[in-house]
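Bear in mind these aren't lab numbers, they're just calculated from the coordinates by the rules spelled out. Small disclaimer: the values here were computed from a predicted structure and weren't measured. Virtual Cβ from ideal backbone geometry, glycine too; neighbours counted across all protein chains shown.
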Amino acid sequence: MDSTSTLQSADKKNGLLSSMRVDLAVDLGTVNTLIYQKGKGVVLNEPSIVALNPAGDVISVGHEAHLMHEKTHKNITTVRPLQGGVIADFEISEKMMREMINKVMKNRWLSSVRRMFITVPNGITAVERMAVRDSAENAGAKDVYLIEETVAGAVGLGLDVKEPYGNMIVDIGGGTTEIAVISLGGIVFAQSIRIGGVQMNNELVNYFRRKYNLLIGERTAEKIKHKIGSAIPLEQELTMAIKGRNLVSGVPKTIEVTSMDVREAISEPINSCLDAITKSLENTPPELSADILDRGIMLTGGGALLRGMDQLIKSSINLPVHIADNPLTTAVEGTGKIMENYEDYSSILL
Ligand SMILES: Nc1ncnc2c1ncn2[C@@H]1O[C@H](COP(=O)(O)OP(=O)(O)OP(=O)(O)O)[C@@H](O)[C@H]1O
Ligand SMILES: [Mg+2]
């Protein structure tokens, strides 16, 4: 073989090797997990849920497992391995991650994950951080990098997080509401409360049980919130017929509920979010407060999609509030961008 063909064959081999080693960015959320693959963009967006058989083997993960949720028999259980933004069940979370990686990487036996960039909540403890790292490594990642979800969100929103300018990000997710003031590539002040969409759903279940003696499931609560949920009074209030089990007669029943019911039911978690935002503003250094006054607050996470949430925040703090174009994908897109420009962003990784 002459030297040219030897080089060509080495090039081919290197090309093949690198195509077999994949870099992934993962937004491991309480409610949704998203994966971004280098060069491809978002390749997976599924609920963070696993269906298991009695032996603990995975039957399905993501969308398929979510369809089974609350409709299982004794031989199937569904588990959400994350709670309040952190891993609550280490073993199942690892299984979920492995299955989700397998979904996006065809020919898994031929390919491996080189770098994995994962989002974590602000103020995560060392033990919780270790759980994410170990879980990702056991699921097959060689090098694991952690990024605060709010920083990832800021990058996903297109902000230049390294400039000497204060930006405030509010991410209302499923299990947490994360608030951070970012300047010069770092978090100046951050707060994380374990309140989000999941608590709103729980409050809805409790409310309909208390007020109407009607027992509904978590999925119905989620549907109600999407269809008629609002943070502020609506010009034309909405109604919806919901089905559940009457707690007195024990039989299924349909009742009509209104957007006013929903607002009353979720008022406590909403007020907790507002309090956390006010507290964060009070703790922001004055020069950065001035920047936030000019630029306003950036709102992201699934909770940003609740009708009128931006207006409610705006009226309570008297500052402009901007909603991300795609609140459910901002964090993973930011993580993907950080991964693709890894050298530039190395200082903001945890
Ligand atoms: N249109 C909507 N109205 C109200 N809430 C919504 C809407 N769409 C999504 N949500 C809520 O957003 C939440 C999911 O948001 P997101 O995917 O940002 O959370 P997550 O990243 O999984 O959670 P976390 O970051 O807290 O771990 C769910 O609780 C869902 O109910
Ligand atoms: Mg999230």
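Annotation for S112 and I323: the two label points, set 7 Å from Cα along the Cα-Cβ direction, are 4.5 nm apart. Compared with the dominant principal axis of the Cα atoms in the chain, helix 218-228 is inclined by about 80°.
Backbone N atoms of segment 259-281 closer than 18 Å to the 7 Å Cα→Cβ label point of E237 belong to residues 259-268.
With R₀ set to 35 Å, the beta-carbon distance separating V127 from V58 gives a calculated FRET efficiency near 0.90. Each semi-axis of the equivalent ellipsoid for segment 59-109 is √(5λ) with λ an eigenvalue of the Cα gyration tensor; in descending order they amount to 20, 16, 9 Å.
Only Cα pairs under 8 Å and 6+ residues apart enter the sum, and on that basis the relative contact order of the chain stands at 18 percent.
Determine which lysines satisfy two conditions relative to K314: a Cα distance under 25 Å, and not lying fewer than 8 residues away in the same chain. The reachable lysines, counting only those whose Cα sits under 25 Å from K314, are K225, K227, K279. Using every pair of separate Cα atoms, the Kirkwood estimate puts the hydrodynamic radius of segment 252-326 at 14.1 angstrom. Mean residue ellipticity, 222 nm, helices only, the chain: the sum of -39500 (n - 2.57) across DSSP H runs of n ≥ 4, divided by residue count and rounded to 500, is -12500 deg cm²/dmol.
Mean silhouette area of segment 158-323, derived from the convex hull of its C-alpha atoms and averaged over all directions, reads 9.8 nm². Our Cα-only numbers for the chain put the radius of gyration and Dmax at 22.3, 87 Å.
In whole angstrom, how far apart do the alpha carbon centroids of segment 37-94 and segment 261-309 sit? Using only Cα atoms, the two centres lie 30 Å from each other. The antiparallel fraction among DSSP beta bridges confined to the chain stands at about 65%.
Applying 0.36 nm per residue to the separation of N202 and D344 and subtracting their alpha-carbon distance, the gain on full extension is 47.0 nm. With θ taken as phi - 60° and the Karplus curve 6.51 cos²θ - 1.76 cosθ + 1.60 applied, the whole-hertz 3J(HN,Hα) list for segment 32-41 is 10, 10, 10, 10, 10, 9, 3, x, 10, x Hz, x standing for glycine and proline.
For segment 152-258, the relative contact order is 15 percent, taking Cα pairs closer than 8 Å that sit 6 or more residues apart in sequence and dividing their mean separation by the residue count.
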